[in-house]
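The values are calculated or read from the model by the stated rules, or taken from the named source; none is laboratory data. The structure displayed is predicted, hence computed values, not measured ones. Every residue, glycine as well, gets a Cβ built from its backbone with ideal geometry; the counts of neighbours run over all protein chains shown. For accessibility, only protein heavy atoms count, side chains too; no ligands or nucleic acids. Shrake-Rupley method; radii C 1.70, N 1.55, O 1.52, S 1.80 Å.
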Amino acid sequence: MKYFIIVNGETCTLPARTLEMDERIDTIRGLDRMVKAGEITRREARQEQYSFVKDCIAEPMPPFEQMDMGDLDLNVSEIIAAYQRPATQAKLEAALSMLKHIVSRPDVQKMLSRT
């Protein structure tokens, strides 16, 4: 399966969603909790996010010290969303299919026509 995001107007192909990538995503998602628990500093969390984005996209990035943290947050969110999108889409399509099946039943059609 292929995963894509757009960074600075350029389409970037993300690495395959391997077990290692899943583990990195889990780590990234847990960074805020780790900062709040005092396990790591905010700077260490940001460096982990920066490394994650840098490993995922081929686009050049500013050095860590010059990186806009808002852009970094956006890139992290878009990458994670890109990996989640196929599963989310499949779940949505399955739910819609089930809903269409239920709504098309004669007894439901009859009930809906009364309202």
Item to complete: State the Cα centre-to-centre distance between the stretch 44-73 and the stretch 1-19 in whole Å.
Response: 15 Å
Discussion item. With a 1.4 Å probe and all protein chains left in place, how much of the accessible area of the stretch 27-115 comes from carbon and sulfur atoms, in whole percent?
Written reply: 57 percent
Item to complete: Taking the Cα centre of the stretch 35-115 as origin, work out the dipole magnitude from +1 charges on Lys and Arg Cβ and -1 charges on Asp and Glu Cβ, in debye rounded to 20.
Response: 820 debye
Worksheet item: Out of residues 5 or more away from Leu14 or on other chains, whose amide H comes under 5 Å of its own, with H placed 1.01 Å from N in the peptide plane?
Response: Tyr3, Phe4, Ile5
Discussion item. As a test of understanding, state the convex hull volume per residue of the chain from its alpha carbons, in Å³.
Written reply: 179 Å³
Practice prompt. Would you be so kind as to identify which of Met1, Ala87, Gln109 lies farthest towards the positive end of the dipole of the chain, taking Lys and Arg as +1 and Asp and Glu as -1 on Cβ and the Cα centre as origin?
Written response: Gln109
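Starting from the residue with the highest accessible area, list Leu72, Leu96, Leu19 in decreasing order, probe 1.4 Å. Don't skip to the end; give the middle numbers.
On the way: Leu72 0, Leu96 85, Leu19 125 Å².
If we order Leu72, Leu96, Leu19 from most to least accessible, we get Leu19, Leu96, Leu72.
Please give me, ordered by residue number, the GluC sites (Glu not before Pro) of the stretch 33-99 that lie in loop per DSSP and have at most 15 other Cβ atoms within 10 Å.
Those satisfying the criteria are Glu39.
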Worksheet entry | Pairwise FRET efficiency - Arg29 versus Ala90, Cβ, R0 = 22 Å, nearest 0.05 | 0.60
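Can you give the extra length, in nm with one decimal, that the chain gains between Lys36 and Met111 once fully stretched, where that is 0.36 nm per residue apart less the Cα-Cα distance?
21.8 nm
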Response to the item:
Expected field for Met61, accessible surface area in Å² at 1.4 Å probe radius, rounded to 10, holds 40 Å²
